[in-house]
Amino acid sequence: MKKLYGIGVGPGDKELITVKGLRLIRECDCVFIPRSKGRSLVGSIVRDYIRYKKTVYLDFTMGDENRENYRAAAISIENELGNGHKGVFLTLGDPLTYSTYIYLMEEAKKTGMEIETVPGITSFNAAASLINMPVVMRDETFCLCDRGIDREILRKADSICILKVNQSKGPIIDRLEEEGFEYAYIKRGTMSGQEILTDKERIKMDDDYMSLIIGRRK
């Protein structure tokens, strides 16, 4: 039977990939890497680990959830793998947290391949480590969201992380301040070009897709 591993390579620093993930990359028959508009951040992270591996790039449009796109990618993977062969699909952060892999996995299951998912370090875990901020403590509630905040949920949260904030920073910051949160803006955390900003006006001026805001109630 053909087998596909979905592996999270972490938030950007190539040393933050798990030992298991690295072992499977080295043992597999083929590496599958997502690419958008000819570029692959994942590919740049694992470049030193795949130099002598058969590598196939799969093209996805950033933010596109077109099922046909994922179905075509799953068929490509199934066609590339021979019987008894193992492939790895690599993705940023954790495979089951706001990841392209989730949609690909559902389509890959339909081909009859065996699927195994290997967790990875998330961007919000890495961001919290960069500023030494506890993500969540005993009896607390942590909220993870994408692009925006639900005010009612925020009122119940002790800590929060908002991903992909490049288009909505102003309203997010205003809401956090109204609810008594301290926060930091993390741009390209653990990667080249990393910045940590806490000044409201400087945060508003930045426009990097690979950014997040993380905070805790004062």
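The values are calculated or read from the model by the stated rules, or taken from the named source; none is laboratory data. These figures come from a predicted structure and were not determined experimentally. Using ideal geometry, Cβ is built from the backbone for each residue, glycine included, and neighbour counts are taken over all protein chains shown. For the accessible areas, the whole protein counts, side chains as well, though only heavy atoms, and no ligand, DNA or RNA atoms are used. Shrake-Rupley method; radii C 1.70, N 1.55, O 1.52, S 1.80 Å.
Quick notes on this structure:
- When DSSP beta bridges are restricted to pairs lying wholly in the chain, around 40% turn out antiparallel.
- The range 93-169 - Rg over Rh from alpha carbon coordinates, Kirkwood radius: 1.06
- Charging the Cβ of each Asp and Glu at -1 and of each Lys and Arg at +1, and nothing else, the dipole of the range 33-169 about its Cα centre rounds to 460 debye.
- For Glu179, the amide hydrogen comes within under 5 Å of no other amide hydrogen, counting only partners 5 or more places away or on other chains and with H modelled in the peptide plane.
- Approximate shape of the range 173-218 as ellipsoid semi-axes (Cα gyration tensor, √5λ), whole Å, largest first: 20, 11, 8
- Globularity ratio of the chain, using Cα Rg and 2.2 N^0.38 Å: 1.09
- Residues whose placed amide H lies under 5 Å from that of Val118, excluding near-sequence neighbours: Gly6, Ile7, Gly8
- Fraction of accessible area attributable to carbon and sulfur, the chain (%, probe 1.4 Å): 47 percent
- Calculated FRET value between Arg151 and Asn79, using beta carbons and R₀ = 35 Å, to 0.05: 0.15
- From the largest down, the range 33-87 spans 31, 29, 12 angstrom on the principal axes of its Cα atoms.
- Accessible solvent surface per residue of the chain, calculated while the other protein chains remain in place, 1.4 angstrom probe, Å²: 52 Å²
- Lysine pair count for the range 74-218 [Cα-Cα under 23 Å; pairs on different chains or 8 or more apart]: 17
- The range 1-108 - Rg (one decimal) and Dmax (whole number), Cα, Å: 12.7, 34
- All other residues whose Cβ lies under 9 angstrom from that of Thr141 are scored, Lys and Arg at +1 and Asp and Glu at -1, for a net of -2.
- Cα long-axis angle, helix 67-80 against the chain (0 to 90 degrees, to the nearest 10): 40 degrees
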